[in-house]
Amino acid sequence: MQSKIVLLPGDGVGPEVVDQARAVLTTVAKKSGHVFEFQTCLMGGIAIDQTGEALPAETLSACKGADAVLLGAVGGPKWDNPRAKVRPEMGLLGIRRELGLYANLRPVRGYTELLGSSPLKPDRVEGVNMLVLRELTGGVYFGQKFREDTPKGVRVVDTLEYYDFEIERIVKLAFEIARGRQKKVTSVDKANVLESSRVWREIASNLGAKYPDVTLEHQLVDSCAMRLVTAPGSFDVIVTENMFGDILSDEAAVLTGSLGMLPSASLGEGKLGLYEPIHGSAPDIAGKGIANPLGTILSAAMLLRHSLGLEAEAASIERAVEKALARGARTKDLGGDKPVSTSGMGEAVLAALES
Ligand code: IPM
Ligand code: MG
């Protein structure tokens, strides 16, 4: 099988971690007889520097013509001017929208070896295995927004908008995914305040009736935030609106000890998807060769699974990551007294893949 993968290394530690994931994909290709053709494109701050745009047309068309896209990270203090006309994040939001990637999958699981680095007591995080399913192309991120001068002062508006079909397709996906997991969906909203949430809840309840084998519960976003730290093991699939999902997924991600470990996938109607680690560009450690590449390597595994349909190959990467951890490889963020470098961790995964 021949597949085209667009790499968007982006900013900060992005290029360093994408390099390692590419090496892993190359080894998987060699072992399995598949051919992965890589094309590297500009996106984010680096694209602004070189072309003036966060998402150059050339990058977008390369992504549209690819089987999958692997992204490092975007943004950094250099481009962090609130009044700037172009921002690196616009590249990411643009890709999500242009490719119709409405479903963001953020699996969160605790690795036994890393329980000690969790901010929670180990017994609370033991066995955590949840999926945060975040709606990604609607809500307050993409609603009408503006600022205007009025006699009372400057008025700023951000609008939380949804069409019913946008809610329906993401909640339906939550039920489908839950069927292959622990069969439990927690639909998170703010139905005591927001009209959009009341509709969300109604749609979730109606769909729930069609999935009698899956348990559905509704939870308000504030109490969900609390439950994530008090009883994280009680979740299976969490499905929620774009901004709630943005916030809750960071909270969920840190429970397991390191943000650096977690992958994500953004999917639409077809096979084409965008894969990226949950962590950001980490400008404070960029260029030092100490970033944890595992979130990106595990994102590459999700890429093989969801966009290329290569389940066995995806699982082999996940096993190799577990093996590398079990053999003691730890980047600085994972603690340990003798941390390995970014490439050291990449090599540990490659060695585990070969063994
Ligand atoms: C994420 C990030 C992005 C988001 C930013 C970089 C625009 O926080 O992917 O969670 O808010 O969606
Ligand atoms: Mg976020």
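Couple of notes before you dig in:
- Summed residue charge, Cβ within 9 Å of residue 235's Cβ, Lys/Arg positive, Asp/Glu negative: +1
- Heavy-atom accessible surface of residue 258, to the nearest 10 Å², is about 10 Å², with a 1.4 Å probe and all protein chains retained.
- Solvent exposure of the chain amounts to 44 Å² per residue of accessible area, where only protein heavy atoms count and the probe is 1.4 Å.
- Carbon and sulfur %, accessible surface of the chain computed with the full protein complex present, 1.4 Å: 52
- Residue with peak Gaussian network fluctuation, the chain [Cα springs, cutoff 10 Å], from 81, 104, 129: 81
- Computed over segment 242-338, the range of Cα coordinates on each principal axis works out to 45, 33, 26 Å, biggest value leading.
- Within the same chain, aspartates and glutamates fewer than 8 places from residue 183 are excluded, and of the rest, those with a Cα less than 14 Å from its Cα are 213, 217, 236.
- Neighbours of residue 23, meaning other residues whose beta-carbon lies under 15 angstrom from its beta-carbon, give a summed charge of -2 when Lys and Arg score +1 and Asp and Glu score -1.
- The listed residues 58, 148, once ranked by accessible area (1.4 Å probe) with the largest placed first, stand as 58, 148.
- Of the whole protein surface, residue 306 contributes about 60 Å² of accessible area at a 1.4 Å probe radius.
- Cα Rg, Dmax, the chain, angstrom units: 20.1, 70
- Cross-link pairs 121/190; 4/172; 31/64; 172/210 - those with Cα-Cα distance over 19 Å: 121/190; 4/172; 31/64
- Per residue, the average separation of C-alpha pairs within less than 8 Å and at least 6 apart gives the chain a relative contact order of 21 percent.
- Summed residue charge, Cβ within 15 Å of residue 214's Cβ, Lys/Arg positive, Asp/Glu negative: +2
- Rolling a 1.4 Å probe over the protein heavy atoms leaves residue 141 with an accessible area of roughly 60 Å².
- Inter-probe distance in nm under a simple model that places probes 7 Å from Cα toward Cβ, at residue 192 and residue 225: 1.4
- When the chain is described by a simple charge dipole with +1 on each Lys and Arg Cβ and -1 on each Asp and Glu Cβ, the residue from 94, 232, 50 located farthest towards its positive end is 232.
- With the simple model of a label 7 Å out from the Cα in the direction of the Cβ, residue 343 to residue 243 spans 4.4 nm.
- The alpha carbons of segment 168-287 give a radius of gyration and a Dmax of 15.4, 52 Å, in that order.
- The charge dipole of the chain, taken about the Cα centre with unit charges on the Cβ atoms of Lys, Arg (+1) and Asp, Glu (-1), comes to about 320 debye, rounded to the nearest 20.
- Check: segment 119-256 dipole with +1 on Lys, Arg Cβ and -1 on Asp, Glu Cβ, in debye: 220
- 145, 338, ranked by accessible area, largest first (probe 1.4 Å): 338, 145
- Evaluated on segment 10-144, the Kirkwood hydrodynamic radius is 17.5 Å, with distances taken between all distinct Cα atoms.
- Protein-only accessible surface at a 1.4 angstrom probe places the residues 190, 78, 152 in the order 152, 78, 190, largest first.
- Two numbers describe the Cα atoms of segment 120-222: Rg and Dmax, which are 17.3, 56 Å.
The values are calculated or read from the model by the stated rules, or taken from the named source; none is laboratory data. Every value quoted in this text rests on a predicted model; they were computed, and no experiment measured them. Cβ atoms come from the backbone with ideal geometry, glycine included; neighbour counts cover every protein chain shown. For the accessible areas, the whole protein counts, side chains as well, though only heavy atoms, and no ligand, DNA or RNA atoms are used. Shrake-Rupley method; radii C 1.70, N 1.55, O 1.52, S 1.80 Å.
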